[in-house]
1. Just want to confirm a number: the relative contact order over the chain, from Cα pairs under 8 angstrom separated by 6+ residues, in percent.
2. Which residue, His212, Ala236, Ala40, has the largest displacement toward the positive end of the dipole of the chain when charges sit on each Cβ (Lys, Arg +1; Asp, Glu -1)?
3. For the chain, modelled as a GNM with alpha-carbon contacts under 10 angstrom, which of Thr194, Thr89, Thr59 fluctuates the most?
4. Towards the positive end of the charge dipole of the chain, with charges on Cβ (+1 Lys, Arg; -1 Asp, Glu), say which of Asn23, Gln6, Phe203 has the farthest Cα.
5. For region 225-237, just list the computed ³J(HN,Hα) in residue order, Karplus coefficients 6.51, -1.76 and 1.60, θ = phi - 60°, integers in Hz, with x standing in for Gly and Pro.
6. Among Ile74, Ile30, Ile235, rank each residue by its count of other Cβ atoms within 10 Å, from fewest to most, as a rough exposure measure.
7. Which lysines, on any chain, are close to Lys165 with Cα under 27 Å apart, when same-chain ones fewer than 8 places away are left out?
8. Along each of its three principal axes, how wide is the spread of alpha-carbon positions in region 46-186, in whole angstrom units, largest first?
Amino acid sequence: MTDEKQHIGSLFDRIAPTYDGLNHGLSLNIDRLWRRKTVALMPPAEHVLDVAIGTADLTIAMLRAGKAQRVTGIDLSREMMRIGEEKLTHKQSAAQTSTPGAKPVNFVYANAQSMPFDDASFDGVTCAFGCRNFSDLDAGLREMYRVLRPGGQVTILEFSYPSNKLIRWGYDLYFSHVLPLVGRLVSHDKTAYTYLNKSVKSFCWGEDFLRHLTQAGFQDARFETLTFGIATIYIAKK
Ligand SMILES: C[S@@+](CC[C@H](N)C(=O)[O-])C[C@H]1O[C@@H](n2cnc3c(N)ncnc32)[C@H](O)[C@@H]1O
């Protein structure tokens, strides 16, 4: 295992127990609305790959909305996926498939930058708040393109940097001070939420992100901003 895989995996393993609570609490549940909007922009698909599935919130939302019959989720944190699997067993409505006895979600420990799947294996690909953690964004997007079937859609939800100065001020305050402080107090982890802040601010968004999608081979790439541009949904086709 490489250092990078170990680093990301152990970072998210450490914050996994507090991840959902902090996400929903600190965003005042707006993150749920963002995921719902993301799912609304997905065409219905038989088998979807949820890259960086984490604790499975996006997967649960797409199963509930009937946008996927089956989901394969990959992640580098076994602990995040364990919590996701546990949530799915408690959320009966999300855990049902049309095939009795079949599990709708398959969790796989794998790196988004080199996926263990054949070309064109999935009808749709999604990724929520995962891309900014990749050490090589282009490698991750190329892999998403490779495993997607021709005509399929990639749908990505990610933080972005708002253009309004006042919102930027609040955003900087939140990510530089509030999130690291509350994150440290709640998760008892000194570094994890400082890393998350850095990864948000150094990441590309908007037109810049579309260029990366196009370079990876995707077509018709477009985006929709959410909540003053704090987050953005990117959509593209193979
Ligand atoms: C911020 S969480 C997002 C989880 C989930 N998608 C959500 O919406 O809440 C980011 C996740 O990306 C995973 N991750 C980061 N880099 C990865 C990589 N290269 N391959 C697979 N998963 C990765 C982390 O382990 C973590 O679970």
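All of the numbers you see were taken from the coordinates with simple rules; none came from a lab. Please read all numbers here as calculations on a predicted model, not as lab measurements. Glycine gets a Cβ as well: all are built from the backbone with ideal geometry, and neighbour counts include every protein chain shown.
1. Values: 422 pairs, mean separation 45.6, N = 238.
Computed over the chain, the figure is 19 percent.
2. Checked the options; the winner is Ala40.
3. Thr89
4. Asn23
5. Working through the residues one at a time gives 7, 10, 6, 6, x, 5, 9, 9, 9, 10, 10, 7, 10 Hz.
6. Going from sparsest to densest Cβ surroundings: Ile30, Ile235, Ile74.
7. Filter leaves Lys37, Lys198, Lys201.
8. So the three principal-axis extents are 50, 34, 26 Å.
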